[in-house]
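These notes concern the structure reproduced below.
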Protein chains: 4
Amino acid sequence: MTVTLMQHTSLTICAHAIRTCWQSFEKSDGGGEKDRELIDRVGNKNKHASTLEHLVYTFYIQGISRACLQELARHRIASLSVKSSRYTLKELKAEEEFKEGDWERAKRYLVETESEAVNLASLKALENLRQVLLLGISNDMAKYCLPESYKTELTWTINARALQNFLTLRSSKSALWEIRKLAKTLHEALPKEHRYLFCLNQEG
Amino acid sequence: MTVTLMQHTSLTICAHAIRTCWQSFEKSDGGGEKDRELIDRVGNKNKHASTLEHLVYTFYIQGISRACLQELARHRIASLSVKSSRYTLKELKAEEEFKEGDWERAKRYLVETESEAVNLASLKALENLRQVLLLGISNDMAKYCLPESYKTELTWTINARALQNFLTLRSSKSALWEIRKLAKTLHEALPKEHRYLFCLNQEG
Amino acid sequence: MTVTLMQHTSLTICAHAIRTCWQSFEKSDGGGEKDRELIDRVGNKNKHASTLEHLVYTFYIQGISRACLQELARHRIASLSVKSSRYTLKELKAEEEFKEGDWERAKRYLVETESEAVNLASLKALENLRQVLLLGISNDMAKYCLPESYKTELTWTINARALQNFLTLRSSKSALWEIRKLAKTLHEALPKEHRYLFCLNQEG
Amino acid sequence: MTVTLMQHTSLTICAHAIRTCWQSFEKSDGGGEKDRELIDRVGNKNKHASTLEHLVYTFYIQGISRACLQELARHRIASLSVKSSRYTLKELKAEEEFKEGDWERAKRYLVETESEAVNLASLKALENLRQVLLLGISNDMAKYCLPESYKTELTWTINARALQNFLTLRSSKSALWEIRKLAKTLHEALPKEHRYLFCLNQEG
């Protein structure tokens, strides 16, 4: 799993938005300590959460599973463009057979779990999929025997308010192990000076 | 795949909302022909699409695949509560082994495609999943070797404006065969007197 | 200010949505005590707030000010159809002149504040508006001298999750007096058996 | 009315999002003609409108009326932080009396319409408001006699898909004159290389 931050809004934009409400531009220090404190106080402590929406991040998320994607997609206040399983399965056709010992090669397509048995079942499913594709069966049919461990990737644009909701819920101990890992990786991919606005569930 | 309409708003509510804008309550015929024409004219022809949002439908959708769910979930202006693959996989433990000829029994868990090879690959994945579960491996790991043909169900609440967008996009010829079937089934599940507000892509 | 609840979803729909996730239909008591407790526990305490979105309410809100409407409209996860100031100002043309003592008659068009001076200023603006309209000036120009105390009405559809956010924020002591009154009135207009899911800011 | 574009996403981000779906990164020309054509074809012609959501713009809009703000706020898929009429009315206290001939000075606070009578009525309301404030009446009361011509400003963040909807609806001949002017000004404030993705209603 890798997360690349492709673009983000500067904190100064969010400070400007907040100062628009109170017409307090003259108090700005151009994104310095005063503006940073203002954003946290107004956006988080005083719950004017809409001001945080002016901070927008685009992440390129690679190597998460289709299972994890199902959960990420439940966060509807975000924009996601996902590697299509209808148009990109042909990548498997060029592969050799996946035999039981081929996990190192299969890992290019499958997310590894801590269960050998599950990984093996995924690998078998991958091989069955490869054979189905070699029979010339369309992706629109073949995708039905995709194992949910199958790796996918997406470009994901989300504002700070929705990202806070994601990180809080998905870094909790009760969240699925992979999406907890994604929450942590996303937090680490944030610009350092933005991280103070986001917190991970400590028990995560 | 079955779709049950569990609740819907009466057309009179939408007519009332429109008449609020123009204060034309005296022209109402209590949801009769005049009100129905008003809704179509204002909400569709004159593009005041927000007035259609007062019409809200809750569907109980059963027997669609996890693959189809991935596409349905891209429609973010809707509320979905989905059968959790983290809490409901144990249903498989009580099953006997799934051998190659057991498609009739496997169909309880898997969506059938028109490709025998894909169905067989799904059945094998189902059996592997069953064995993984019998080993006592947690659902949070086992779910990674779920085939995307695995059946799921959800309770889905959506307003008329977002449903129009869904039906238009997903009844098109270029849409995935299963979600096109879902679009058609949803349209048929609508109250007869509401269907005039929705159209399916004719080339679908 | 009057609020009429025009339609709402039954609690059983929300319980059904939650039971879809855990496939626990057999535990349902058809919207009784067990289902009610389930909704509160899952939707509120366990923060699966999306399950509450299946509860949808349509209110007919009358007699709030344009000033209050500005604040209500900031709650974007809701559908609002508002009495149009572009199409309904002619109602004033039939009125006699509004003189200083005519507050009782002016109250049909203006929200009263606790400040006599403000009410008088609003009344003068109302009279100026009436004269502008009598000159045959279009609503699209005349609406610019509307006082923000001018009464409006709307049909408003919102789900329980967004309504909780509205009621919590807008019943707080720091909220504008009129929208606090609206929050209270909305809460009272809720079906009795739904109110336990919503709380008003006690210091409100 | 002035509109300043404070930040915007680069077209390359949107091209990257689209290429994520088809894994066609190797065809990219780094935001050149091929990427620009791809964005228009996929996002507009092929109606994959969600890909356009990765393009996000923040505008600082100054000098529009509270009347215009009411209409802008109906576009709910956007983030707006508005000059608060609860915290910024004191600006008027330092002003001299507004007499009938003082429109040049009053224009600092009021949007001018093409109707002298309306402008005069607004000016009278402005003076009444000034006097109310000088009496020490709180903003939460005084704001009720604000004329809707009163100027406001906001920081507005919106994605390309929602902005297309705004520009199409609000540049139409049937839209309010001021919001049509805002639509045109917003379009002109867009980066030149982005404008090809947006069109104004030609009859506007």
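The values are calculated or read from the model by the stated rules, or taken from the named source; none is laboratory data. Nothing here was measured: the structure is a model prediction, and the numbers come from that model. Note: ideal-geometry Cβ built from the backbone for every residue, glycine included; neighbour counts use all protein chains shown. For the accessible areas, the whole protein counts, side chains as well, though only heavy atoms, and no ligand, DNA or RNA atoms are used. Shrake-Rupley method; radii C 1.70, N 1.55, O 1.52, S 1.80 Å.
In a fully extended conformation the segment linking A:Glu193 and A:Arg74 would gain 40.0 nm over its present Cα-Cα distance, using 0.36 nm per residue.
As an exercise, identify the GluC sites (Glu not before Pro) in segment A:39-130 lying in DSSP coil whose Cβ has no more than 12 other Cβ atoms within 10 Å. Those that pass, being in a loop and sparsely packed, are A:Glu96, A:Glu97, A:Glu100, A:Glu114.
Counting only DSSP H runs of at least 4 residues, each contributing -39500 (n - 2.57), and dividing by the residue count of the protein assembly as shown, the helix-based mean residue ellipticity at 222 nm comes to -11000 deg cm²/dmol. For D:Ser138 and C:Thr2, a Förster radius of 30 Å and the Cβ-Cβ distance give a FRET efficiency of 0.70, rounded to the nearest 0.05. Legend: mean number of C-beta atoms from other chains within 10 angstrom of residue C-beta atoms, peptide D:71-80, equals 6. About the centre of its Cα atoms, chain C shows a dipole size close to 560 debye [charges on the beta carbon of Lys, Arg (+1) and Asp, Glu (-1) only; nearest 20 debye].
For the residues D:Gln23, D:Gln70, D:Gln62, a GNM of chain D with alpha-carbon springs under 10 Å puts the largest fluctuation on D:Gln23. In this assembly, the B-A interface accounts for approximately 3600 Å² of buried accessible surface in total, computed with a 1.4 Å probe and without ligands, DNA or RNA.
With all protein chains in place and a 1.4 Å probe, the accessible surface of segment C:86-149 carries 48 percent carbon and sulfur.
Using heavy atoms of the protein chains and a probe of 1.4 Å, the accessible area assigned to B:Arg66 is about 10 Å².
Computed with a 1.4 Å probe over protein heavy atoms only, the accessible surface of chain B comes to 39 Å² per residue.
To the nearest 10, the accessible area of B:Val3 is 30 Å² with a 1.4 Å probe. These residues, B:Trp177, C:Trp156, go from largest to smallest accessible area, 1.4 Å probe, as B:Trp177, C:Trp156. With each label modelled as a point 7 angstrom along the Cα→C-beta vector, the A:Glu114-C:Trp103 pair spans 7.1 nm. Going through the cross-link list A:Lys107/A:Lys181; C:Lys151/D:Lys83; B:Lys83/B:Lys124; D:Lys90/D:Lys173; B:Lys45/D:Lys45, which pairs have a Cα-Cα distance over 28 Å in this structure? Listed pairs above 28 Å: D:Lys90/D:Lys173. Averaged over peptide A:120-128, the number of partner chain Cβ atoms lying within 10 Å of each residue's Cβ comes to 6. The HN-Hα couplings worked out from phi for segment A:51-67 by the Karplus form 6.51 cos²θ - 1.76 cosθ + 1.60 (θ = phi - 60°) are 5, 6, 5, 6, 8, 10, 10, 10, 10, 9, 9, 10, x, 8, 8, 4, 5 Hz, whole numbers, x standing for Gly and Pro.
I'd like the trypsin sites (Lys or Arg not before Pro) in segment A:92-148 restricted to DSSP loop residues with at most 12 other Cβ atoms within 10 Å, sorted by number. Within segment A:92-148, the qualifying trypsin sites (Lys or Arg not before Pro) (loop, at most 12 other Cβ atoms within 10 Å) are A:Lys93, A:Lys99, A:Arg108.
Shielding value for C:159-169 is 1, the average number of Cβ atoms from other chains within 10 Å of each residue's Cβ. Computed from Cα positions, the angle between helix B:11-22 and the longest principal axis of chain B comes to roughly 50 degrees.
For chain C, the longest principal axis of the Cα atoms and the long axis of helix C:160-170 meet at an angle of about 50 degrees. Sorted from nearest, the other copies put their D:Glu104 label points 4.7, 8.4, 9.5 nm away, the label point being 7 Å from Cα in the direction of Cβ.
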